[in-house]
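None of the figures in this text is laboratory data; all of them are computed from the coordinates on show. If you're wondering where the values come from, they're calculated on a predicted model, not measured in any experiment. Reconstructed Cβ throughout: ideal geometry from the backbone, glycine too, with neighbour counts over all protein chains shown.
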Amino acid sequence: MIALKVEKIGDQVAVILNEEAIDLLNAKVGGVLHLEPTRDGHVLAAVTQEVWVEDPHARGRAFLKRYNRTFEQLS
């Protein structure tokens, strides 16, 4: 299990990733991580990442992936 620190920075709340979490998530500064609740709503799962700088079409593909996932959950 990885423990992450939650801090208030100005008017926002941030989760501070330690080195282990950064490596496991392959997180990049400036990227966006998407966390989705599981069906019971108590645990976050299905982490996806968007990095727009490397691929100009990544943002569109990520949007479509989330859009399709929503319909899959509804069916």
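Within the shell defined by Cβ-Cβ distances under 14 Å, the residues around residue 68 carry a net charge of +2, with Lys and Arg each +1 and Asp and Glu each -1. Approximating the spin labels as points 7 Å out from Cα along Cα→Cβ, the residue 65-to-residue 33 distance works out to 1.5 nm. Annotation: peptides 10-21, 26-37, ranked by per-residue average of other Cβ atoms within 10 Å with the highest first, follow the order 26-37, 10-21. Residue-wise HN-Hα couplings along the range 17-29, as the Karplus relation 6.51 cos²θ - 1.76 cosθ + 1.60 with θ = phi - 60° gives them from phi, are 8, 7, 4, 4, 5, 4, 5, 5, 8, 6, 6, 10, 5 Hz; Gly and Pro carry x.
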